[in-house]
Amino acid sequence: MAAIKGISSTIYSLLFVELPVPEGDLTGQTIIVSGSNQGLGYESSRHLLRLGVERLIMAVRNLEKGEAARLKLLEDTGRDPSSIEVCKLDMDNYASVKSFATRIGPLPRLDAVLANAGLATTTFNLSEDNERTITVNVVSTFLLILLLLPKLRESASKFRICPRVSIVNSALHYVAPLAEIEVPHQTSIFARLNNKETANMEMRYPLSKLLVLFAVRALAHRLEEKIGQLIVINAPNPSWCKSQLMRENESFAQRMGERMMARSTEKGSRALVHGILSGKGSSGQYIDNCQVKR
């Protein structure tokens, strides 16, 4: 039933739903977008600049590609060069995540984080202390958010704002194999996921997105318990988009399907920017077609 729900909702979205162009006023705000040198991150950055964000921080793995994207964004938007900063962030490396968070610490304010960087692969590799998909999509993502929480809380208090964190999700979480995480109490879920012999790598990306959704719910709940609802954290789904995400698993059928049905990267990015613009009602929630879905 979950698989039917996920597949049918995706087909409906792609055929019948036109996402609204984001509208809002981001004047004076500082926003981080990870994985912003291409694809959804790049198009999201373009929208944010159009909406007046004062300081866009492009967090990228490759500084050369990041700088090229920065120059293209400046050319496209006509914004002042000081409005965009490129910073090194490799989600495959915990030290890089920590270094990036340290660099963000001295900023005057931080209004929002769009955690867009992600990985989809069917090849099993260990990275840091986990399977690489889990490291990049789950552990490093939440390590980054937790390390940025002090700055987000400080900004909320100092400027009387409600900072937002959006972590990109996917309807593929509906088809995630639950057997991978339904382990005996004495067994670690991570130990199960890091076992090459039993790892279901064909479905690892969907599972990573299910774990992201669980963690978004849990973190939103704990933040509300500890500090009240000062920070919004949500999980927007851009649906199937023309992007480089699945380049390691690309097939003829996928290319044809993408050509016929997938959203353009720009249209998919509208969902992510909507997540950044969403208010307290979206905290802890999955957002599909720019609407909270339970």
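Some points to look at:
- Residues located in region 15-71, provided they are out of contact with any Cys (no Cβ under 6 Å at 6 or more places or on another chain), of a type in the set (Gly, Ala, Ser) and within 22 Å of Leu107 (Cα to Cα): Gly28, Ser34, Gly35, Ser36, Gly41, Ser44, Ser45, Gly52, Gly66
- The one condition in (1) at pLDDT 95 or above; (2) surrounded by 16 or more Cβ atoms within 10 Å (Cβ to Cβ); (3) in a helix (DSSP H, G or I); (4) not small (Gly, Ala, Ser) that Ile233 fails to fulfil: (3)
- Criterion violated by Gly52 - all others in (1) surrounded by 13 or more Cβ atoms within 10 Å (Cβ to Cβ); (2) in contact with a helix residue (DSSP H, G or I) (Cβ under 6 Å, 6 or more places away or on another chain) satisfied: (2)
- Asn169 meets all of the listed conditions (1) buried (at least 20 other Cβ atoms within 10 Å of the Cβ); (2) touching a strand residue (DSSP E or B) at 6+ places or on another chain (Cβ under 8 Å); (3) outside any loop (DSSP other than H, G, I, E, B) but one, namely (3).
- Meets criteria (farther than 14 Å from Leu207 by Cβ, aliphatic (A, V, I, L, M) and free of Cβ contacts under 8 Å to residues at least 12 places away in the same chain) for Ala156: no
- Taking residues in region 221-244 that are farther than 18 Å from Gly6 by Cα, and partners anywhere that are at pLDDT 95 or above and assigned to a strand (DSSP E or B), the pairs with Cβ atoms closer than 6 Å and at least 6 places apart or on different chains are Val232/Arg164; Ile233/Val165; Asn234/Ser166; Asn234/Ile287.
- Selection count, region 126-166, where residues are over 17 Å from Arg222 (Cα atoms), surrounded by fewer than 18 Cβ atoms within 10 Å (Cβ to Cβ) and out of contact with any Leu (no Cβ under 9 Å at 6 or more places or on another chain): 6
- Qualifying residue in region 11-31 (condition: of a type in the set (Phe, Trp, Tyr) and either in contact with a Lys or Arg (Cβ under 9 Å, 6 or more places away or on another chain) or not in a helix (DSSP H, G or I) (or both)): no
- Unmet requirement for Lys196, which otherwise passes all of (1) modelled with pLDDT of 90 or more; (2) within 26 Å of Gln291 (Cβ to Cβ); (3) in a loop (DSSP other than H, G, I, E, B): (2)
- Residue under evaluation His185, criteria (1) closer than 29 Å to Leu14 by Cβ; (2) part of a loop (DSSP other than H, G, I, E, B), criterion not met: (1)
- The set of residues in region 56-87 being basic (Lys, Arg), in contact with a Leu (Cβ under 8 Å, 6 or more places away or on another chain) and without any contact (Cβ under 8 Å) to a residue 40 or more places away in the chain consists of Arg79 alone.
- Among residues of region 86-112 being β-branched (Val, Ile, Thr) and surrounded by 18 or more Cβ atoms within 10 Å (Cβ to Cβ), the one that is farthest from Leu63 (Cα to Cα) is Ile104.
- Per this entry, Arg217 is counted among residues that are at pLDDT 95 or above, among the basic types (Lys, Arg), surrounded by fewer than 18 Cβ atoms within 10 Å (Cβ to Cβ) and part of a helix (DSSP H, G or I).
- Residues located in region 23-41, provided they are surrounded by fewer than 23 Cβ atoms within 10 Å (Cβ to Cβ) and under 23 Å from Met261 (Cβ atoms): Gln38, Gly39
- Note on region 172-182: residues that are assigned to a helix (DSSP H, G or I) and surrounded by fewer than 22 Cβ atoms within 10 Å (Cβ to Cβ) total 6.
- Qualifying residue in region 3-19 (condition: at pLDDT below 95, closer than 18 Å to Gly275 by Cβ and exposed (fewer than 14 other Cβ atoms within 10 Å of the Cβ)): yes
- Looking only at region 252-273, and only at residues there that are out of contact with any helix residue (DSSP H, G or I) (no Cβ under 9 Å at 6 or more places or on another chain) and closer than 26 Å to Met201 by Cβ, the one that is modelled with the lowest pLDDT: Phe252
The values are calculated or read from the model by the stated rules, or taken from the named source; none is laboratory data. The structure displayed is predicted, hence computed values, not measured ones. Reconstructed Cβ throughout: ideal geometry from the backbone, glycine too, with neighbour counts over all protein chains shown.
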